[in-house]
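Nothing in this text is a laboratory measurement; each read-out follows from the coordinates by a stated rule. All values derive from a computational prediction rather than experimental measurement. For neighbour counting, all protein chains shown are included, and Cβ atoms are generated from backbone atoms with ideal geometry for every residue, glycine included.
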Number of protein chains: 2
Amino acid sequence: MSEMKAFDFQAWSHQQLALIEQSLDLWVPHEIGGSLGSSMRYAALGGGKRLRPLLCLAARHSMRLLGEVGHESPCLDQAALRAACACELIHSYSLVHDDMPCMDDDVLRRGQPTVHVKFGQAMALLCGDSLQALAFEILTPSESLVPSRVQALLCKLLSQAAGHAGMAGGQAVDLQSVGVVLTQAQLQAMHAMKTGALLQASVMMGASCSHEGALSESLQTSLLTYANALGLAFQVVDDILDVVSDTQTLGKTVGKDAAHDKPTFVSLLGLDGAQAHAQTLHQQAHEALLATGLKDVRALGALADLVIKRKS
Amino acid sequence: MSEMKAFDFQAWSHQQLALIEQSLDLWVPHEIGGSLGSSMRYAALGGGKRLRPLLCLAARHSMRLLGEVGHESPCLDQAALRAACACELIHSYSLVHDDMPCMDDDVLRRGQPTVHVKFGQAMALLCGDSLQALAFEILTPSESLVPSRVQALLCKLLSQAAGHAGMAGGQAVDLQSVGVVLTQAQLQAMHAMKTGALLQASVMMGASCSHEGALSESLQTSLLTYANALGLAFQVVDDILDVVSDTQTLGKTVGKDAAHDKPTFVSLLGLDGAQAHAQTLHQQAHEALLATGLKDVRALGALADLVIKRKS
């Protein structure tokens, strides 16, 4: 480890965030379909923590130090950046659709009017649909930019995470859980689909941007365990913040889960129990990172810390 | 041409349709996310002309006779079948979202209640979202089934056709054209995005399932011209049927365009003018097929005939 330079997460994430914002600005279209382009940019460029793209780039970072040399590296950096932005676009589209009146009916997101409030419901629907398609579009540039093998793998991982067995499926379960008493296992299973699948995909897509044809089974398992713990911790903290934070800090309406009679980790475990659970998951995430055997997992570790400590 | 067997389009399309239905039945999930799976099956397996998958398989058929031999053929047949179903899933999702109250607010589709009427608006939203993701999921099976090169290309063509510069973008333009006087050029440009892009993609995706790394530029141009003429003819006939047909034959509410003050080819050219325009486009499609230089374009030709002669 002696040759390893000290890792400055602040500097690293600052640099990555700049790259992400710059790329999204480039890839999300300006003027198209009347106000469709504007609504897409409003949804995708309006801030946010960019947790998914950071996870993706952190996973790529951890793989890169496997001693990667050779001509594929710029292609793999490009692939990881596209994967990072594609994950964020899927996340953005899900927020747009989630906020619509027929779903959560939210008027505020990141302190701003939601897309349907600003552009109307029909445009919000098309905005979300277009953001999903765009995610796959940026994953499939010309072959000279990203090898076909990687393009196909990234599309596979993302579509599985976004669809019926992942994010959208989890939202459907969530929808049908209103007013229903869930066990902790059921609640965790729902969140593993609803938010966990895309967070996991962010990690696995970043890790897949490597020279290895496929990841070893043990590395895959450890990374999945890390992502799973982080994803659940994220949701537990979300539930805690919905109770202890205020609308201004959070940038979205607080107390909505309780008002909608939705099961949460706080309603199930109590506030103290939820906080203890978050700590346990945090520790699990770090243990899984150690088990990867990767030389430098500091960016992934710092992101796990961030998820626990976040205030919004 | 002497060695060419007589082509029985009825028999060919009957066989292809069976394959398409069987594959969709296999690939669209059963039980997942409460009623999400049911809503997806309701939307995707509820009949329809299957024009897009047939175009895709017809294009593959026309390419196959370039003298294809070798180990890749079963993979390319598999790729074309997946491409065909993926195009249909994108079409299905667009109908589900299009029918929602915030869009066209339609209660009837193929003679049955629309998805949001049967499953609720929130589930219809998630159903469409999941169908879009599923399209990309079935395009990216294991590499042993479909070569990565083809997977990546199919995802690229489909995402471009579905997104902001294609179908969804066209719907956004359509949305903002209500009560606006469009020129014929503007109306055609809107439909080229709204319905044309996915019809074109169906043809190009099928043609891309071939040994050729990339299609020659002249072949590409001819196929695009064919698809473009067919797509516009489809829309002109749609506008004509909206006026001359009845709700029972059509399986959806007729007269809605006029009621919503939407520009159509009939409102622009009159009924006779629209019918003449459809004939011209029909002829253009056949001329473009001749110009491809492909040996057997009979399935593609028969589909152009079908589009013109359809009564629903």
Excluding the sites themselves, what is the longest stretch of chain A that contains no GluC sites (Glu not before Pro) in a DSSP loop with at most 11 other C-beta atoms within 10 Å?
-> A:32-312
Taking a ≥ b ≥ c as the square roots of the eigenvalues of the Cα gyration tensor of segment B:104-182, is the shape rounded (a/c under 1.5), prolate (a/b larger than b/c) or oblate?
-> oblate
So what J values fall out for segment B:268-275 if you push phi through Karplus, 6.51 cos²θ - 1.76 cosθ + 1.60 with θ = phi - 60°, rounded to Hz, Gly and Pro as x?
-> 8, 10, x, 5, 5, x, 5, 5
At 7 Å out from Cα toward Cβ: A:A214 inter-copy label distances (nm, ascending) = 3.1
Report, for B:F7, each distance to the same residue's label point in the other copies, shortest first and in nm; define the point 7 Å along Cα→Cβ.
-> 6.0
Calculated label separations, A:G270, copies of the chain, 7 Å along the beta-carbon direction, nm | 8.2
What is the mean number of Cβ atoms from other protein chains located within 10 Å of the Cβ atom of each residue in peptide B:143-152, rounded to a whole number?
-> 5
Take peptide A:92-103, look around each residue's Cβ out to 10 angstrom, count Cβ atoms belonging to other protein chains, and average those counts.
-> 3
Which whole-Hz couplings ³J(HN,Hα) result when phi for each residue of segment B:160-166 is put into the Karplus expression 6.51 cos²θ - 1.76 cosθ + 1.60, θ = phi - 60°, listed in order with x for Gly and Pro?
-> 5, 6, 7, x, 4, 8, x
Please count, across chain B, the pairs of lysine residues with Cα atoms under 14 Å apart that sit 8 or more places apart or on different chains.
-> 5
Please say if segment B:9-309 is rounded, prolate or oblate, where rounded means a/c under 1.5 for a ≥ b ≥ c the square roots of the C-alpha gyration tensor eigenvalues, and otherwise the choice is prolate for a/b larger than b/c and oblate otherwise?
-> oblate
Between segment B:164-210 and segment A:98-121, the Cα center-to-center distance that results, in Å = 27
When B:F136, B:F9, A:F119 are ranked with the fewest other C-beta atoms within 10 Å first, the list becomes B:F9, A:F119, B:F136
Rounded to the nearest 500 deg cm²/dmol, what is the calculated helix-only ellipticity per residue at 222 nm for chain A, with -39500 (n - 2.57) per DSSP H run of length n ≥ 4?
-> -22000 deg cm²/dmol
Given a Förster distance of 41 angstrom, what is the FRET efficiency for B:E21 paired with A:D261, based on the Cβ-Cβ distance and rounded to 0.05?
-> 0.50
At a Förster radius of 51 Å, what calculated FRET efficiency corresponds to the Cβ-Cβ distance of A:D77 and B:L108, to the nearest 0.05?
-> 0.50
Prolate/oblate/rounded call for segment B:12-150, Cα gyration tensor, a/c under 1.5 rounded | prolate
Dividing the Cα radius of gyration by the Kirkwood radius, what Rg/Rh value follows for the protein assembly as shown?
-> 0.98
